[in-house]
Amino acid sequence: MKLFTTKTKMIWCSVFMLLSCATVSAQTRQKIVKDTVLIITDSIKPNGEKNYRAGWGILIPEYAKVQYAGGMAFMSIGGGWDYGKKKQWETDVFLGFVPHYSTDKNKITFTLKQNYIPWKLDVNSRFMVEPLTCGMYLNTIWGRDFWVSEPDKYPNGYYAFSSKIRVNAFVGQRVTYNFNKGRDYFKSVTFFYEASTNDLYLISAFTNSYLKPEDYIVLSLGLKLQIF
Amino acid sequence: MMKKLLFIALPFIFAGCDMFDSHPYDGQVTGQKSVNAANIARIEQACAGKTSIKFATMGDSQRWYDETEMFVTALNKRNDIDFVIHGGDLSDFGLTEEFMWQRDIMNKLTVPYVALIGNHDCLANGQDVFRTVFGQENFSFMAGNVKFVCLNTNALEFDYSHPVPDFQFIQDKFEEETPGHEKTVFAMHVRPFSNQFNNNVANVFQDVVKRFPKLQFCLNAHDHHLQADDLFTDGVMYYGSASMDKKSYLVFTITPDDQYTYEVVYY
């Protein structure tokens, strides 16, 4: 039998391909096994508890927040992450709902919020007060009527602002109640209130003495549930 | 500490119950609604049977709250004006609050006023808010023997989704038999040949407008400066009021002898 006829060539070729495929898949399998082992060791805490926040788990929000009003929506629900040496930074994302009121459509909003909380004062083992929270939030509203920059039908610079994106700044205060360690599902619950304003309200207020703080300042209330 | 904190926080929370805004574009209207309808009833009642009327026009008060308040103060000092026409652009960004801020200033006028819809009032969901606070964007009323036809002419804002100007509305007003209707005045935010107007129908618009009994003149705002132009060189004058930062308004007097006069008043 000739070793290198066209037919046998093809057979050899396919045998070779099959073999190499097998080697490759064997290698991948090995890799997966290694990775899995790594994750398993990483997601068990030294005390034997399961660590949800290992690896990609770091992306799981550390707390949930609900915020009422504040120019972001009627009610916003979201979560976020705290970080920094004293956990003085918090970044939140919210999905909000705005009922239609006098307009013809209900609206959905999205908010990206950055908080700075410089001081934490322990009142007793249960209560903690944060006398100042401050920060900014970007808010976008869904709908055809809202645009980032004016549509092409307008002459250039006809409306030099965005109706879709609002920049807000806020100051506020918080009170936190700590639950029993390890016994309760949530670590703590925080009540907060904020006073805020947005870019368009500020522009209006700057150029008019008629507008008073109660016109361009917006209030909001909120709750934060610490999970991790 | 807790007591102290509550002490600071509570007045804040309870004093500002209507300060809990959902969103700048939420469309949540508080206070008076359908302002135009209520004021039209006042105008029609006060001017009933009159053959001589005197009214003021102004407009483009967007984000000029101080100046608009000064206008109201200036107009309240005189007692010869029957009513005021706001030529539109009450809001600058179409924010819900803007309509209410402007309404509250204009409501301080001792004489009734009507507000037209401007192109800025159509931004975002502004036209819904305008409709709620002031009323329909096309409307008409009688002042003595003069019929005022007020139109939405902000065509660029509507992308052919609405007829702007609404010829069906104009036709209905033409066919409508109103007792005592002898003369006609048209009022609009944007005048023909503006880049906001549907200029494809500018000449048709003019032909239709001219069919009305004893058309006196047309009124507009939008261009932020005073205007007095025979736009179609057919003898029909278009008078434009300046924006509020110019601190002026127009006063028109329509007299029984088929004459009218107008003056510019600075405050």
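Read-outs: derived from the displayed coordinates by stated rules, not from any lab. Everything numeric here is computed off the predicted structure, so don't read it as measured data. Note that we place each Cβ from the backbone using ideal geometry, even for glycine, and neighbour counts take in every protein chain shown.
Observations, loosely collected:
- For chain B: Kirkwood Rh in Å [reciprocal of mean 1/r, alpha carbons]: 19.3
- What separates the Cα centres of the stretch B:137-183 and the stretch B:40-58 is a distance of 18 Å.
- For the stretch B:137-217, the extents of the C-alpha atoms along the principal axes are 37, 19, 18 Å, listed from largest to smallest.
- When the convex hull of its Cα atoms is viewed from all sides, the protein assembly as shown shows a mean projected area of 38.7 nm².
- Shielding value for A:198-206 is 4, the average number of Cβ atoms from other chains within 10 Å of each residue's Cβ.
- If you run the Gaussian network model on chain B, springs between alpha carbon atoms under 10 Å, then out of B:Q127, B:Q171, B:Q227 the most flexible one is B:Q171.
- Mean Cα-pair separation over length for the stretch A:82-225, i.e. relative contact order, pairs under 8 Å, 6 or more apart, %: 16
- Cross-link pairs beyond the 23 Å C-alpha cut-off, checked among A:K153/B:K147; B:K147/B:K246; B:K108/B:K246; B:K33/B:K214; B:K108/B:K183; A:K113/B:K33: A:K153/B:K147; B:K147/B:K246; B:K33/B:K214; B:K108/B:K183; A:K113/B:K33
- The value of relative contact order for chain B, using C-alpha pairs under 8 Å at least six residues apart, is 21 percent.
- Prolate/oblate/rounded label for the stretch B:127-267 (Cα gyration tensor, a/c 1.5): rounded
- Under-5 Å amide H pairs with B:D166, H placed in peptide plane, nonlocal only: B:N152
- Cβ-Cβ FRET estimate between A:Y116 and B:L226, R0 fixed at 51 Å, reported to 0.05: 0.50
- In order along the stretch A:89-100, the phi-based Karplus estimate (6.51 cos²θ - 1.76 cosθ + 1.60, θ = phi - 60°) of 3J(HN,Hα) comes to 10, 9, 10, 10, 10, 10, 10, x, 10, 10, x, 6 Hz; Gly and Pro are listed as x.
- Taking every DSSP helix (H) stretch of at least 4 residues in chain B, weighting each as -39,500 (n - 2.57) and dividing the sum by the residue count yields a mean residue ellipticity at 222 nm of -8500 deg cm²/dmol.
- Amide H contacts of B:D26 (H built 1.01 Å from N, under 5 Å, at least 5 apart or other chain): B:T96
- Looking at the protein assembly as shown, the DSSP beta bridges with both ends there are about 85 percent antiparallel.
- In Hz, Karplus ³J(HN,Hα) per residue of the stretch A:73-85 (6.51, -1.76, 1.60; θ = phi - 60°; x = Gly, Pro): 4, 5, 9, 10, 10, x, x, x, 10, 10, 7, x, 4
- What the phi angles of the stretch B:226-239 give under the Karplus curve with 6.51, -1.76 and 1.60, with θ = phi - 60°, is a coupling list of 5, 9, 8, 10, 8, 4, 9, 6, 10, x, 8, 7, 10, 10 Hz, glycine and proline written as x.
- Inter-part distance where the stretch A:144-216 and the stretch A:64-111 are each reduced to a Cα centre, Å: 10
- Two-site label geometry, A:Q88 and A:T140: point separation in nm, points 7 Å out along Cα→Cβ: 3.1
- Once the C-beta distance of B:K108 and A:S149 is scaled by a Förster radius of 25 Å, the resulting FRET efficiency is 0.10 to the nearest 0.05.
- Stokes-Einstein D for the stretch A:61-226, Kirkwood Rh over Cα pairs, 20 °C, 1.002 mPa s (µm²/s): 122
- Value of Rg to Rh for the stretch A:84-179 (Rh from inverse mean 1/r over Cα pairs, i.e. Kirkwood): 1.15
- Model label points for B:F158 and B:R78, set 7 angstrom from Cα along the Cα-to-Cβ axis, are 3.3 nm apart.
- Rounded to 0.05, the FRET efficiency of the A:L59 and B:D66 pair, given R0 = 51 Å and the Cβ-Cβ distance, is 0.55.
- Gained length - B:K210 relative to B:T51, 0.36 nm times residue gap less alpha-carbon distance: 55.1 nm
- When you filter the trypsin sites (Lys or Arg not before Pro) in the stretch B:202-267 for DSSP loop state and at most 16 other Cβ atoms inside 10 Å of their Cβ, you are left with B:R211, B:K214, B:K247.
- Among B:G94, B:G240, B:G180: highest mean-square fluctuation, GNM of chain B, C-alpha pairs under 10 Å: B:G180
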